Structure formats: structure tokens, C-alpha cells
1. Filter the range 64-96 down to the residues that are loosely packed, with under 15 Cβ neighbours inside 10 Å and aliphatic (A, V, I, L, M) and list them by number.
2. What pairs can you find where one residue is in the range 69-98 and assigned to a strand (DSSP E or B), the other is of a type in the set (D, E, K, R), and their Cβ atoms are less than 7 Å apart, with a gap of 6+ or different chains?
3. Tally time: how many residues in the range 37-59 are within 11 Å of Ala83 (Cα to Cα) and not in a strand (DSSP E or B)?
4. Among all residue pairs at least 6 apart or on different chains, which show Cβ distances below 7 Å where the first residue, located in the range 9-33, is under 15 Å from His71 (Cβ atoms) and at pLDDT 95 or above and the second is surrounded by 15 or more Cβ atoms within 10 Å (Cβ to Cβ) and among the β-branched types (Val, Ile, Thr)?
Amino acid sequence: MSSSMHLSGNALTLNRYHMELHNLGQRGDIKYTEDIQRDGPANAPTWRCYITVVSVLPSYDGDSIGQTFWHSADQKQVARDIAAQQVLQNIGFKGVVH
């Protein structure tokens, strides 16, 4: 997997998607729940991150409200970031939160 990913033309490195989603939540643009689960042996776990969109401001695509986005990976942060990337794309997030 590439260590650099793109969202709507703005480069975000892996490990930033979850931070961007968190920042949107802190601003009140989105409300979401997050559940992280670990399966498998301690030396080779599989992490699953589930993010459910509870609400978004009208400036975002509300079709994602109530939907759960998830990703499974061998690293917790990768699972969180890819699930967050899915949320950001589906709500129509177009830039970096400052």
C-alpha cells in the first residue's frame, strides 16, 4: 500500500484521514461513532474499524447519515485511516481542515 494517498486533489499522507475526520468532529461539522475490534492471535492481529455517520452539516452530503464505513487491516491505524477516508469521500469533504 502506498504511504501517500489523495483526496479530491489534495495530498493527505496515510495517518491523516482519521485526524481530518476528528477535526471535522471537533468543529461540529460531523458527528460519528467509532468502534475498533481486534481479532486473531496476538502476534498477527486483524484490526477492524467501523465508523458510523450520525449527522453532518447541510454543506456535506447527508446521504451517508446512518451508514457505517469499515476497513480491516493488520495495523490498527491503517484500519482507522481507510475507514475515515471512506467517510470523508462519502460526505463530499473537499479539503484539509485547518
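1. Val96, the sole residue that qualifies.
2. The qualifying pairs are Trp70/Arg48; Ser72/Arg48.
3. Number satisfying all stated conditions: 0.
4. Leu21/Val87; Tyr32/Ile51; Tyr32/Thr52; Tyr32/Val53; Tyr32/Val87
The values are calculated or read from the model by the stated rules, or taken from the named source; none is laboratory data. Predicted, not measured: the structure shown is a model, and the values here were computed from it. Ideal geometry is used to build each Cβ from the backbone, glycine not excepted, and the neighbour counts take in all protein chains shown.
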